[in-house]
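Notes for the one structure printed next.
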There are 2 protein chains.
Amino acid sequence: MLSYFLLLFAIAIIVYFKDVSPIGSAVGFSVIGYVAVDVLIPQVGDSFIKIGLFGKDMSKPGRPVIPETIGSVSATVYLFIMFFSIPFMFYKYLVITSGGGNRDLVSQESTEEQLFPHSKLSEFLSALLCLESTILLGAADDLFDLRWRHKFFLPAIAAIPLLVVYYVDFSVTHVLIPKFVQELIGTSKTSIDLGAFYYCYMASVAIFCPNSINILAGVNGLEVGQSIVLGLIFMINDVLYLTMGVNGHARESHLFSLLLIVPFLGVSLALFKWNRWPAKVFVGDTYCYFAGMVFAVVGILGHFSKTTLLFFLPQIFNFIYSAPQIFGLVPCPRHRLPKFNESDWLMYTSRADLIKEKPKPVMQPILRLLHKLRLIDLNIDPKTNTILDCSNMTLINLMIVWFGPMREDKLCYSILALQFIIGISAICLRHLIGSLLFGNDNLWNIV
Amino acid sequence: MLSYFLLLFAIAIIVYFKDVSPIGSAVGFSVIGYVAVDVLIPQVGDSFIKIGLFGKDMSKPGRPVIPETIGSVSATVYLFIMFFSIPFMFYKYLVITSGGGNRDLVSQESTEEQLFPHSKLSEFLSALLCLESTILLGAADDLFDLRWRHKFFLPAIAAIPLLVVYYVDFSVTHVLIPKFVQELIGTSKTSIDLGAFYYCYMASVAIFCPNSINILAGVNGLEVGQSIVLGLIFMINDVLYLTMGVNGHARESHLFSLLLIVPFLGVSLALFKWNRWPAKVFVGDTYCYFAGMVFAVVGILGHFSKTTLLFFLPQIFNFIYSAPQIFGLVPCPRHRLPKFNESDWLMYTSRADLIKEKPKPVMQPILRLLHKLRLIDLNIDPKTNTILDCSNMTLINLMIVWFGPMREDKLCYSILALQFIIGISAICLRHLIGSLLFGNDNLWNIV
């Protein structure tokens, strides 16, 4: 019943706002996406379990079996609502050109070519191609359980359509030089052309964003939750640009970003409803890759990939903090998710045994230093002063080190709150540092 | 070793022809596609079997288990070689515009906008989006074994990006009126605008092509084989247009068709190598949908969907011929593939028992008529003159009715030969009838 009401509401928004702004239709399609995902998830769960896509929830009594890879539903629904939203994004151009569907003269085409923003359309289509490739490769990963070293590079392969269209269509490969560097090396050039290296940089962003979301996982709701928080931060940043009367390229970039992020929030919120504590479904790698790629695409095509990385600070921190265990400097158990205690329902830090297998000698003083800084929890034998074990080096465990054992949902929400605060700070920081480094900030001074 | 040689050859073609014609690079990427699929298939087979994607070959002694859905490898490889071929398709435009990658001035963009064919690019991207959606939905079908009535409409959903971009980008919805109809209804209009109905028509083409390939199946190599023959017929038709010095829209349509078909032939030939008798892999629904959609896309975007249907005559015949069984007028056993006889390795007609379950009364005289016309094989009780059973109504069984029992490979190749002859006749017919019906034919007289 509520679904029908929401759908009617969504259609009303789309129809009402179609001449006013494409943002209106994005909101409408976002609501449709929410309803569709919310209706589909309970219907497909059993089919997923039947073909072997299920997992055990380790942090519940009895370790219940629930469907895995359900995030692919969100991702697929997202794609199809984006397909349907294409005409509404270009509605004002369609109206100008004698109202799409009524153009029957070939000779008109030459004038239309200038009116209709075909380059915008191909930009948008390449973004969708990239996201669809991500879903396809993510599904392959979920199905075939690819090896870590293979799956790490999957997003770069999925990003190929994006990079190729970027090459064919824009080929802007210069980056601004910070003012102090300009003075340092005594150049008057304000930008430097990175050429092919810029494509490597973009591919790296496309690899980093999806994988970093995939790594910060293990607690009910965290994968979707962090994606929603990221979406909100991107949205706030976009709205900031659009309402401050910025014009030109920056405005178009952030409008584009908003049109992609708003429907993403719709399908993600519905997934969160089912994946939050106590989880009824798991999201799977497909969703993590897809979510990360949405932000990578927005950052790359919107030319604000550096800001994008700034918004990923918690994920970057988690990655660097995890690095000693990932690269084998500190012993790494197979699972690092926090330990569930059945008697009090609280999550405790999971720990790596440092007696059976010693950490590399170089890490010994570093671990002790981190311990002093309260960035890790160590058990040290008071007699021999040897380290017995350490809390696993993930942001999730660190939260427990800082705030003590807590229930899984509280743990998830604390991380999301921290992430949101950092994100808002990053927005402020970005415009402050932008002004300092480049002598101007494109929010207030347009180049 | 041969693979490396072929790869070098392909790269040489791509590099050599990059300034001359995009067709050269299409041939090069086609060779790369062949090599990639040929190398990948034996490597992934076991993984497919492990996750339950396998089938029993009913027409071999012992019914060996072989991997299923392997056609998805061809489809995915096709997509990625198409991504890489984008820059080569637009190479001449990239060179004109100061050599893509070196454009660092925003002010240049306004002049580029007119030079670079963005509408061609978005056309191409929408074709790839449609094909990728087809693969995604086809994979869902292969994994979840969707119900027949659901999967029948899947291609229409996958075609949405194509139709939407068609709406936004072209919106040509008129069709030519045959000359005799013009005279009949006394109009001087040469075309009629179908409006929204044209989109229904395009959706129907998108539903028909994939499903018709999926239905004409059951013999080793037939799904890929018929797709290859279709590809060859399309290619011959395209080459005919391009070499006869046709210009304007018709030339562009057939160049576009060729650029999509040639790489398709590469990935399909490699699949055929593994799927032909005795099959080492099965292709799965994904490939059938994908192959059919390639032709639907080419027909729709190239504005020759009526010619496309003409090339699908064997499939159309098979569909109409099957209809009485599909729609329940004649009893339909679960499988209709011909019966394998282990002692002589020949394939015999499979038969529907008409005693246990009677055909609808209206079909009785029709079946007898078809029997007289040698379009079906009936066993009739000579005493009571009742029909005991009939050969199943598929083109495959009909071939056996006509030419007697034969080995599976010979059966497949006879059907392909028949299809090829019909296709070549269709090309002749199309240009003959085109001239008669419309007063001109776009091969010789350009509108």
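The values are calculated or read from the model by the stated rules, or taken from the named source; none is laboratory data. The shown structure was predicted, so the numbers you read here are calculated from the model rather than taken from an experiment. All Cβ positions, even for glycine, are placed from backbone atoms using ideal geometry, and neighbour counts span all protein chains on display. Areas reflect the complete protein model, heavy atoms only, side chains present, ligands, DNA and RNA absent. Shrake-Rupley method; radii C 1.70, N 1.55, O 1.52, S 1.80 Å.
Some observations on this one:
- Scoring B:Ile300 on the criteria (1) at pLDDT below 95; (2) not assigned by TED's automatic domain parsing to the domain that holds B:Leu128 leaves a single failure, condition (2).
- Pairs linking a residue in the stretch A:335-350 that is free of Cβ contacts under 8 Å to residues at least 40 places away in the same chain to a residue that is part of a loop (DSSP other than H, G, I, E, B), with Cβ atoms under 6 Å and 6 or more positions apart or on different chains, are A:Lys339/A:Ser350.
- Conditions (1) over 22 Å from B:Ile433 (Cβ atoms); (2) in contact with a Ser or Thr (Cβ under 9 Å, 6 or more places away or on another chain); (3) not small (Gly, Ala, Ser); number of the one not met by B:Tyr198: (1)
- Boolean, B:Phe84 is at pLDDT below 95, within 11 Å of chain A (Cβ to nearest Cβ), over 25 Å from B:Ala217 (Cβ atoms) and open to solvent by 20 Å² or more (accessible area, probe 1.4 Å): yes
- Put simply, of B:Val229, B:Val205, B:Val219, B:Val246 the only residue that is under 23 Å from B:Arg430 (Cβ atoms), assigned to a loop (DSSP other than H, G, I, E, B) and aliphatic (A, V, I, L, M) is B:Val246.
- Residue match in the stretch A:142-152 (condition: touching a residue at least 24 places away in the same chain (Cβ under 8 Å) and under 26 Å from A:Gly195 (Cβ atoms)): yes
- Condition check for A:Leu40: farther than 30 Å from B:Lys50 by Cα, in a helix (DSSP H, G or I) and open to solvent by 40 Å² or more (accessible area, probe 1.4 Å): no
- Residue match in the stretch A:219-234 (condition: over 26 Å from A:Phe153 (Cβ atoms) and within 14 Å of another protein chain (Cβ to nearest Cβ)): no
- Taking the criterion of being farther than 21 Å from B:Ala417 by Cβ and either assigned by TED's automatic domain parsing to the domain that holds B:Ile396 or buried (at least 24 other Cβ atoms within 10 Å of the Cβ) (or both), the only residue of the stretch B:215-253 that qualifies is B:Asp238.
- Looking only at residues in the stretch A:44-80 that are closer than 13 Å to A:Pro278 by Cβ and hydrophobic (A, V, I, L, M, F, W, C), the one that is nearest to the other protein chains (Cβ to nearest Cβ) is A:Ile66.
- Whichever residue in the stretch B:110-143 is modelled with pLDDT under 90 and facing chain A (nearest Cβ under 8 Å) and, among such residues, is nearest to B:Phe84 (Cα to Cα): B:Leu121
- Just one of (1) assigned to a helix (DSSP H, G or I); (2) over 15 Å from the mean Cα position of the chain (by Cα) fails for B:Pro210. It is (2).
- Pick from the stretch A:394-406, criterion in a loop (DSSP other than H, G, I, E, B) and in contact (Cβ under 8 Å) with a residue 12 or more places away in the chain, ranking: nearest to the chain's Cα centre (by Cα): A:Thr394
- Taking strands (runs of 3 or more DSSP E) as the structural unit, those lying wholly within the stretch B:259-362 and holding at least 3 residues that are open to solvent by 10 Å² or more (accessible area, probe 1.4 Å) correspond to B:339-341.
- Every test in (1) at pLDDT below 95; (2) open to solvent by less than 60 Å² (accessible area, probe 1.4 Å) is passed by B:Val20 save one, and that test is (2).
- Filtering the stretch A:363-393 to residues that are part of a loop (DSSP other than H, G, I, E, B) and hydroxyl-bearing (Ser, Thr, Tyr) leaves A:Thr384, A:Thr386.
Residues checked against (1) assigned to a helix (DSSP H, G or I); (2) within 24 Å of the chain's Cα centre (by Cα); (3) under 30 Å from A:Phe340 (Cβ atoms); (4) of a type in the set (Lys, Arg):
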| position | (1), (2), (3), (4) |
| --- | --- |
| A:Ser3 | yes, no, no, no |
| A:Leu8 | yes, no, no, no |
| A:Ile11 | yes, no, no, no |
| A:Asp46 | yes, no, yes, no |
| A:Gly52 | no, no, yes, no |
| A:Met58 | no, no, yes, no |
| A:Ser74 | yes, yes, yes, no |
| A:Tyr78 | yes, yes, no, no |
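- Residue tally, condition at the interface with chain A (Cβ under 9 Å from one of its Cβ atoms) and either open to solvent by less than 30 Å² (accessible area, probe 1.4 Å) or within 25 Å of A:Phe84 (Cβ to Cβ) (or both), over the stretch B:188-197: 3
- Applying the criterion of being in a loop (DSSP other than H, G, I, E, B) and at the interface with chain B (Cβ under 9 Å from one of its Cβ atoms) to the residues of the stretch A:144-187, the residue that is surrounded by the fewest Cβ atoms within 10 Å (Cβ to Cβ) is A:Asp145.
- Out of A:Asn211, A:Asn237, one residue alone is of a type in the set (S, T, N, Q) and closer than 30 Å to B:Leu143 by Cβ. It is A:Asn211.
- Output for the stretch A:60-72, where each listed residue is more than 14 Å from A:Val267 (Cα to Cα) and within 25 Å of the chain's Cα centre (by Cα): A:Ile66, A:Pro67, A:Glu68, A:Thr69
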